[in-house]
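Read the structure below first, then the notes.
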Amino acid sequence: MIILYHAGGARDFQLLSPKIEQAELRKLLYNAKLLLNSRGYVGAAQTLSSIDFSLSDATNNFNDEFCVLHAEVPLEKYELIQEQYSTSGKEDFAQIADIFRELGAYIRFIVCDLKLSDTTVVRSPDPVITSEVLRQTLDDVEALIQARSPTSCVDRIHTALHSYLQAVCDTHGIAYEPDASITHLFKTLRNEHPALANLGPRTDDIEKILRAFASIMDALNPIRNRASAAHPNVELLGTDEAVLVINVTRTLLHYLDSKFSSK
C-alpha cells in the first residue's frame, strides 16, 4: 500500500462501509475536480481524474472516525502513482484532501493498493497481416489490461478482430461490403481463402471448431454493443467473462494469422 496523504495522528486504519452511494461519489468527484481547476490546482485535478478512487468511512484503534480515499490499481498504474508521489505528487494529494474537506468529507488518508493479478490472458498476437487500425487496437488492449481491467478493453479486442479480418481480405483481394460484420467476414474467408481449404487429417473435426468460432463471433457482437465500454451500457462484463472474450479472440487471431500469412 502507498500512503499518498496522511492528515496526522495514528497511522493505522480499518476501512468500513462506503461513505456514499456511487451516484453521490461521482457527483462529489466531479465537483472536486471543478474546484481544483478553479483554484489553479491543475495537477491535482488531473491526478484525481486519472485514478479510480472510492470513498469509505474508516476507524482506527482509538475509535476515531474519518474517511479514506482509496484506490486499487494494476501493477503498471501502481508503479506510476508511486513514481508521481515520490517526485511531485505529495502537494497534489494534499490539495485533493483539502478540497474534499471543504465539500464535507474529512479525509485523513489517501491510499493506493496494488490490485493482485488473479487472471491469465493469452499472449497478445503480433500478426504478419496487419493495418494501422489493427496495430493501434492491439496496443490499446494490452495497455488497458495493464492500466485498468480486462473489462475496459472488450470493445477494443472486438475491433482488433474486425480490423484483422478486413486486413486479410484486403491483402488477398477478397471483396466484402464496407459494413460487413466479423461473422460475415469470417464466413467469406472460410469460403474463399485457400488457406482454409486444407485443414489436415482431421478436417471434419477442425471444421467443427471453426463453426464453433463462428458462433462465438456471433455472440461477440451483442457483447460488444450491450456489455462493453463501446456504449454507455449500465451493465458491463465481469472480469472473468472479459478475460474469456479476450482469450478466445486472441487464440483465434493467433491461429488465423498463422494460416493466412503462410499463403
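Points worth noting:
- Stokes-Einstein translational diffusion, segment 2-114 - Kirkwood Rh over all Cα pairs, 0.890 mPa s, 25 °C, in µm²/s: 174 µm²/s
- Note on the chain: GNM, Cα springs under 10 Å; of LYS90, LYS187, LYS208, the largest mean-square fluctuation is that of LYS208.
- Computed over segment 116-168, the Cα gyration tensor eigenvalues convert (square root of 5λ each) into semi-axes of 21, 11, 9 Å, ordered from largest to smallest.
- Look at the alpha carbon pairs under 8 Å that are at least 6 residues apart: their mean separation over the length of the chain gives a relative contact order of 19 percent.
- Cα-based reach from LYS27 at 19 Å (exclusive), listing lysines while leaving out same-chain residues under 8 positions away: LYS19
- A full extension of the chain between TYR30 and ARG135 corresponds to an added length of 34.4 nm, given 0.36 nm per residue minus the alpha carbon distance.
- Using the Cβ-Cβ distance between ALA175 and VAL121 with R0 = 30 Å, the FRET efficiency computed as 1/(1 + (r/R0)^6) comes to roughly 0.30.
- Dimensions in Å of segment 177-263 - Rg and Dmax from alpha carbons: 14.8, 47
- Across segment 71-79, coupling constants 3J(HN,Hα) worked out from phi with the 6.51/-1.76/1.60 Karplus curve, θ = phi - 60°, read 9, 10, 10, x, 4, 4, 5, 4, 5 Hz, and Gly and Pro carry x.
- Per-bin percent of Cα-Cα distances, segment 110-212 [10 Å]: 13, 35, 31, 15, 5, 2, 0
Laboratory data are not the source of any read-out in this text; all were calculated from the coordinates shown. Because the structure is a prediction, the values reported are computed rather than measured. Positions of Cβ are backbone-derived with ideal geometry, glycine not excepted, and every protein chain shown enters the neighbour counts.
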